[in-house]
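Novice: I'd like to ask you about the structure that follows.
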Amino acid sequence: MTSAKLIDGNAFSAGLRDEIAARVREIRDEHHVTPGLAVVLVGEDPASQVYVRNKNKRAMECGMDSFEHILPADTPEHHVLNLIEGLNDDPAVHGILVQLPLPRHIDSQKVIEAIRPDKDVDGFHPWNVGKLASGGIGLIPCTPLGSLMMLRDHLGPLAGMKAIVVGRSNIVGKPMAHLLIRESCTVTVAHSQTRDLPAEVRAADIVVAAVGRPEMIRGDWIKPGATVIDVGINRVVDHQTGKNKLVGDVAFAEAVQVAGAITPVPGGVGPMTIACLLRNTLTAAARLHRLDIPEAHPWA
Ligand code: GUN
């Protein structure tokens, strides 16, 4: 029985954060610019609180300024919009991230569209969505960018490969598909209405799973030798221990026997997302101040 190579997101993201920290030092020393990231959280969702804390901690470790705005769950929409307007105009802030999901009384799309596109480090503003779709230069959503970095690191150029993206969300599925098209893959986007999903997955050299359903993609759906990127982070009860555990959208124990390489959960895509957020913040700061720093990964 063969076993897939594990794609280590912890190690990869640590290397990426070291590179970012070195660039931050450089532009602080040479140009007196400190990249600043503002993170806005509305409400008390425990998972979101953990993410926001991690983002701030990692930003500061890289030498960036970090501005945390934590607002109560019943904050009116216009308060959030006013806050964003202030951050748009604040010269110390180069990147703005509003943690999703927002409480139901707030129109998420309206909030996303209020962020200045050149500070939109999530890459969710229609301007950045359009740039990605039309092959222009904008800011790329963090999870798809991190996934692509791991694919390129493991496989080299992806041209001509068959890729399937399972899931069509605005945060992951759609931007991932656009990135893979840009890499000259032949791309299938599967979703809840797809007929014979196992057959679609079996045809793919690259599988990106982003559906948010625990272990939905089974090992016998995977083409032998394929590269599997598991974006899912699902909290489930471990039947053996009775405790909570994290699993991906791929049945890892089965898939690891068939795939050529696979990302584990946790320790795969997750840490790459924050590293790419910091990279986008650095990119935004460099562009806003017209600093000529080399792109860390010219293909992304
Ligand atoms: N919630 C889950 N993923 C994300 C993300 O990538 N960005 C933001 N802002 N919120 C999220």
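The values are calculated or read from the model by the stated rules, or taken from the named source; none is laboratory data. These figures come from a predicted structure and were not determined experimentally. We place every Cβ from the backbone using ideal geometry, glycine too, and count neighbours over all the protein chains shown.
Novice: Can you go through VAL258, VAL228 and tell me which one is in a strand (DSSP E or B) and aliphatic (A, V, I, L, M)?
Specialist: VAL228
Novice: Name every residue in the stretch 43-52 that is under 19 Å from the mean Cα position of the chain (by Cα) and surrounded by 14 or more Cβ atoms within 10 Å (Cβ to Cβ), in order of residue number.
Specialist: SER48, GLN49, TYR51, VAL52
Novice: Would you point out which residue out of VAL24, VAL39 is under 30 Å from VAL80 (Cβ atoms) and in contact with a Cys (Cβ under 7 Å, 6 or more places away or on another chain)?
Specialist: VAL24
Novice: Looking at ASP18, ASP74, ASP29 in this structure, which one is more than 14 Å from the ligand (Cβ to nearest atom), modelled with pLDDT of 95 or more and either under 17 Å from the mean Cα position of the chain (by Cα) or within 17 Å of CYS276 (Cα to Cα) (or both)?
Specialist: ASP18
Novice: Sticking with this structure for a sec: Give the residues of the stretch 80-92 that are more than 15 Å from the ligand (Cβ to nearest atom) and touching a residue at least 12 places away in the same chain (Cβ under 8 Å), sorted by residue number.
Specialist: Once the filter is applied, which keeps residues that are more than 15 Å from the ligand (Cβ to nearest atom) and touching a residue at least 12 places away in the same chain (Cβ under 8 Å), the stretch 80-92 yields LEU81, GLU85, ASN88, ASP90, ALA92.
Novice: Let me confirm something: among GLY267, GLY225, GLY260, which residue is surrounded by fewer than 18 Cβ atoms within 10 Å (Cβ to Cβ), at pLDDT 95 or above and within 30 Å of GLU26 (Cβ to Cβ)?
Specialist: GLY267
Novice: Whether any residue in the stretch 288-296 is within 15 Å of the ligand (Cβ to nearest atom) and either assigned to a loop (DSSP other than H, G, I, E, B) or surrounded by 15 or more Cβ atoms within 10 Å (Cβ to Cβ) (or both) is what I want to check.
Specialist: no
Novice: So, one more: If ASP205 satisfies all but one of (1) loosely packed, with under 15 Cβ neighbours inside 10 Å; (2) in contact (Cβ under 8 Å) with a residue 24 or more places away in the chain; (3) acidic (Asp, Glu), what's the number of the condition it fails?
Specialist: It is condition (1) that ASP205 fails.
Novice: Now for a separate question. With respect to GLY219, determine if the residue is touching a residue at least 12 places away in the same chain (Cβ under 8 Å) and more than 16 Å from the ligand (Cβ to nearest atom).
Specialist: yes
Novice: Looking at the stretch 102-116, which of its residues are free of Cβ contacts under 8 Å to residues at least 24 places away in the same chain, within 10 Å of the ligand (Cβ to nearest atom) and over 27 Å from ILE181 (Cα atoms)?
Specialist: If the condition is that a residue be free of Cβ contacts under 8 Å to residues at least 24 places away in the same chain, within 10 Å of the ligand (Cβ to nearest atom) and over 27 Å from ILE181 (Cα atoms), then SER108 is the only one that fits.
Novice: Suppose we keep only residues that are within 15 Å of the ligand (Cβ to nearest atom) and outside any helix (DSSP H, G or I) within the stretch 117-136. Which one would you say is surrounded by the most Cβ atoms within 10 Å (Cβ to Cβ)?
Specialist: Here the residue is VAL121.
Novice: Sticking with this structure for a sec: For MET161, which of the numbered conditions (1) surrounded by 15 or more Cβ atoms within 10 Å (Cβ to Cβ); (2) within 19 Å of the chain's Cα centre (by Cα) fails to hold?
Specialist: So MET161 meets the others, but not (2).
Novice: Can you tell me which residue among LEU139, LEU97 is outside any helix (DSSP H, G or I), touching a residue at least 60 places away in the same chain (Cβ under 8 Å), away from the ligand (no atom under 11 Å from the Cβ) and closer than 24 Å to THR34 by Cα?
Specialist: Answer to the selection: LEU139.
Novice: Looking at PRO103, PRO72, PRO91, PRO76, can you tell me which residue is under 22 Å from ASN170 (Cα atoms) and either surrounded by fewer than 20 Cβ atoms within 10 Å (Cβ to Cβ) or in contact with a Phe, Trp or Tyr (Cβ under 9 Å, 6 or more places away or on another chain) (or both)?
Specialist: The match here is PRO103.
Novice: Another question, then. Starting from the stretch 122-133, take each residue that is within 17 Å of LEU100 (Cα to Cα) and list its partners that are modelled with pLDDT of 95 or more, counting only C-beta distances under 6 angstrom and pairs at least six apart or across chains.
Specialist: Every condition considered, the pairs that remain are ASP122/LEU97; GLY123/LEU139; GLY123/ILE140; GLY123/PRO141; PHE124/ILE112; HIS125/ILE112; HIS125/ILE115; HIS125/PRO117.
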